[in-house]
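Working notes, beginning with the structure itself.
Each value in this text was obtained by applying a stated rule to the coordinates, not by laboratory testing. None of the values given here were measured: they were computed from a predicted structure. In this analysis, Cβ positions are derived from the backbone assuming ideal geometry, glycine residues included, and neighbour counts consider all displayed protein chains.
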Amino acid sequence: MKEKTKLRTTLKKYFGYEKFRPLQEEIIMSILNGEDNLVIMPTGGGKSICFQLPAILLEGLTLVISPLIALMKDQVDALNANGISAAYVNSSQTTSENGAIIEKVISKEIKLLYLAPESLVFFESLSNVTEISLIAVDEAHCISSWGHDFRPAYTQLSFLKNKLPNTPMVALTATADKATREDIAQQLNLKNAKKNISSFNRANLSLEVRPAQDRVKQILDFVISKPNESGIVYCLSRKQTEQLAQRLNQNGCKAAAYHAGLPAEERSKIQENFIHDTTPIICATIAFGMGIDKSNVRWIIHYNLPKNIEGYYQEIGRAGRDGLTAETILFYSYADVIQLRKFAQGSENEIVQLAKLDRILQYAEATSCRRNILLSYFGEIAIEKCENCDVCNYPPTFFDGTVIAQKILSGIFRLQQQEPLNVLIDFLRGSQNNTILNKNYQQLKTYGVAKDLTWKTLQQYIIQIINQGICEIAFHENNKIKLNELSQKVLFKGLKVSLTQPVEVPKATQKTIQKNTTVKNNLFERLRILRLELATAKGVPAYVVFSDATLKSIANERPVSESEFINIEGVGQKKLQDYGHEFITEIITFLNDKKTKSSTPKKNKKDSHKITYALYKEGYTVEEISAQRNLSINTIQSHFVKLYNEGVELSLNDFVTEKEIEAVREAREKVEHPKSLKSFYEYFNEQLDYATIKMALVVIENEQ
Ligand SMILES: [Zn+2]
């Protein structure tokens, strides 16, 4: 019990949180007991605290093996911002810089040291000169060739356990599959490691799939409706990333394109600008994102269908790492499916790739909760509907689509199974375009039988019947649509077909867009700017100062004293020291500005006593505050009574003299109604005001 209290005090002091997230406390306890641990947690689940907190409490050094320099730098920045001494040794620093760090390790000035697996030569010298209390292997899936980010240098880590058999080791990863998991434990010699596998559900991410028509316009509308929010658009091709970034910039949204074709220097610059919120939007190929630990990514868009669910889940997982809500949208077109099949064909493991493509296709076409589909893919059994995906929020309505299906199948038959999807749609809708007229298709039966349907709706129906296996796409024959056995059953044997009505998820309207921009003048926005200024001055990303979640709490709670400020989730001792004053000052200025400008007095009244308190803290007397705020002395005094009752640290004796207290004490015995202030007022012949009487009474009551 005592141990747990200690852990929680440390958590609040250094990381600013009151409570642990699921599994964190168990893992930390186990590490402190000297056990090895394998930790599988989704991104954003709070993996790092599992080894950073024990590192603070353990006597010696904690060694952290981490694959990427950018990732190390981020973590070290964040640790230092929390008042924890940490450093890294890697190839980005000079030999003398690295040497200076080793000196500090020896003199025990550093609690956590980050190393790339390639720099393990340092390990030999380190283990001779200092006590290593814990070894953490981050991104441990890099050790496994089963994983998707295999790093050969990671396979050399097996010697660590042999060398220091009694030092606890913790391996952490966000990659779920079982083969990788077992490979990690085996390769690191963690025979008896405790396995901690937390749920892969990221409930704060909303899931939505939209048809790809007009996707550029849809993306523009979406992004414009979210000013100042950071997000990533994943595209399949380099050209798309560039075109889209250009369109966004033309529309006033700051965006950059990122792909493997850019010079390394430019890429790291773009990445840096994204992390520091200078360029909030990135249009990227999947090359982007690995090793970025930016906590305030608010949305992820997939311009194209991803290759598989693993990749998709990893990419959307880059949003909302601070635990706040984040949005994800996947645009889905059949043209992408065709393209992706082409990529997969002839590749090394074609069968696996095509099977994985089928699974993501099923996801995109889902008519039941999308989150359940994802979780079941990762082997988790979900029970209830998530209520945070488009299918849960706008459930599809099924109808008897037999007649529509028959029309479509007849169309395929009349076109002699020689045409792809778009020609089939044009034909059924009675289009008079060149392809149709040149081939004289307008002469055929069933031409125009579906002209009452829009192009988009008809396309969706055809895709639905393809996915139900009622007809097929011949990918090897220029994607011609073909009939099969099931088609015959629908056409001639009375087999019924159920289709779903295309669902229109309401988009952000002009109204909400405007609403969002007026909110810009709110406190959150001012605090966001202050955060950016402080971060820039320190050369760290904004979220290292405070996460979006913490910033939101500050904006909501409006702390105006240090004791209130430290109560905010995400504010620890060091951050209170470093930033408390600036943020409190900004809040007070905001409250004062509001007081002068606002026409909603009710809200002002609520915070009025806080302004009084802020001025009091700056050394003003009751009279001065009254004059400055143009409020009566009585009102100001009543503010102090209120503050006192709210538990704010202040001594009422500052406002009421000993003599007055004594007088009121005497009066209490004599007045007729000691509960009524008026009795006292009259007793003193109106010579002592109400607020002073009240204050004296509060002081007296608190003595008892
Ligand atoms: Zn759902």
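Brief remarks on what is shown
- Gain upon complete extension [residue 338, residue 104; 0.36 nm per residue less C-alpha separation]: 78.5 nm
- Among the listed pairs 19/574; 617/670; 594/675, those with a Cα-Cα distance over 27 Å are 617/670; 594/675.
- Value of [θ]222 nm, deg cm²/dmol, for the chain, DSSP H segments ≥ 4, -39500 (n - 2.57) each, nearest 500: -14500 deg cm²/dmol
- Highest-first arrangement of 26-32, 646-652, where packing means the average Cβ count within 10 Å: 26-32, 646-652
- Over the chain: Kirkwood hydrodynamic radius from C-alpha pairwise inverse distances, Å: 30.0
- Residue separation of residue 387 and residue 443 scaled by 0.36 nm, minus their Cα-Cα distance, works out to 15.2 nm of gained length.
- The protection proxy used here, the mean number of other Cβ atoms lying within 10 Å of each residue, ranks peptides 225-234, 428-437, 358-367, 315-324 as follows, highest first: 315-324, 225-234, 358-367, 428-437.
- 10 Å-binned pair-distance histogram of the stretch 2-197 (Cα, whole percent): 9, 38, 39, 13, 0
- Of the trypsin sites (Lys or Arg not before Pro) found in the stretch 1-97, those in coil by DSSP whose Cβ has at most 14 other Cβ atoms within 10 Å are 19.
- The amide H of residue 137, built 1.01 Å from its N in the peptide plane, has 65, 170, 171, 172 as neighbours under 5 Å, considering only residues 5 or more places off or on other chains.
- Largest first, the extents of the alpha carbon coordinates of the stretch 205-393 on the three principal axes equal 40, 40, 32 Å.
- When all alpha carbon pairs of the stretch 577-704 are counted in 5 Å bins from zero, the resulting P(r) reads 2, 10, 18, 20, 17, 13, 9, 6, 3, 1, 0 %.
- With the highest mean first, a sort of the peptides 636-644, 54-62, 125-133 on other beta-carbon atoms found within 10 angstrom per residue produces 636-644, 54-62, 125-133.
- Considering the stretch 403-492 at the alpha-carbon level, its Rg and Dmax are found to be 11.9, 33 Å.
- Cα centroid separation, the stretch 527-543 to the stretch 339-392: 39 Å.
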